[in-house]
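Trainee: I have a structure I would like to understand better, so I am pasting it below and will then ask my questions one at a time.
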Amino acid sequence: MNIMSDIETLIDIVKDIGEGLDDKDTVRELAIKSSRTIERLSRQMIQEIHKGEGSREKFNEAQQEVSKVKSIIEDYPELYHSGFLRNGFQELAEAHILWAISRDEFNYLRSLCGQHELPV
């Protein structure tokens, strides 16, 4: 009987691990989707800036997406450092820099560089 209870315990452990991995995979998929949204919005901002257009609206939308993805993955720090968010965050940083340069907003750039963490 002791062997049966050990087997049942192991089965429960395996189920818990499987559920945890399923949860993590769901979070990863949501984060990938958010990263793609950030990248798309950032590319659009860069294109608009090159055309002499652009507004803070897309920046705000992208920043909301950054906040969303950070809150989604806060229980999974390994996802933050896994690399798939890098492209979206890099594009957004480039958009911020290009925006500031194109509008001679160097104080804005200095404020970003003075922070311990860029807003991405």
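All of the numbers you see were taken from the coordinates with simple rules; none came from a lab. Note that the coordinates shown come from a computational prediction; the quantities given were computed from them, not determined experimentally. Quick reminder, even Gly has a Cβ in these numbers, built from the backbone with ideal geometry, and neighbours come from all protein chains shown.
Trainee: Quote the charge dipole size of the chain about the Cα centre in Debye, to the nearest 20; the model charges only the Cβ of Lys and Arg (+1) and of Asp and Glu (-1).
Mentor: Values: 15 positive and 23 negative charges, 165 e Å.
I would put it at about 800 debye.
Trainee: Ranked from highest to lowest mean number of other Cβ atoms within 10 Å per residue, what is the order of the peptides 52-59, 64-71?
Mentor: 64-71, 52-59
Trainee: What ranking do 81-87, 38-44 get when scored by the average of other Cβ atoms within 10 Å per residue, highest first?
Mentor: Order by mean packing, descending: 38-44, 81-87.
Trainee: Here's another thing I want to ask about it. Would you work out which of TYR80, VAL66, LEU21 lies farthest towards the positive end of the dipole of the chain, given +1 charges on the beta-carbon of Lys and Arg and -1 on that of Asp and Glu, about the Cα centre?
Mentor: Most positive-ward Cα: VAL66.
Trainee: Can you give the direction-averaged projected area of the convex hull of the alpha-carbon atoms in the stretch 1-91, in nm²?
Mentor: 6.4
Trainee: Cut-off under 22 Å on the C-alpha distance; same-chain residues fewer than 8 positions from LYS24 excluded. Which lysines are left, in chain and number order?
Mentor: The reachable lysines, counting only those whose Cα sits under 22 Å from LYS24, are LYS15, LYS33, LYS68, LYS70.
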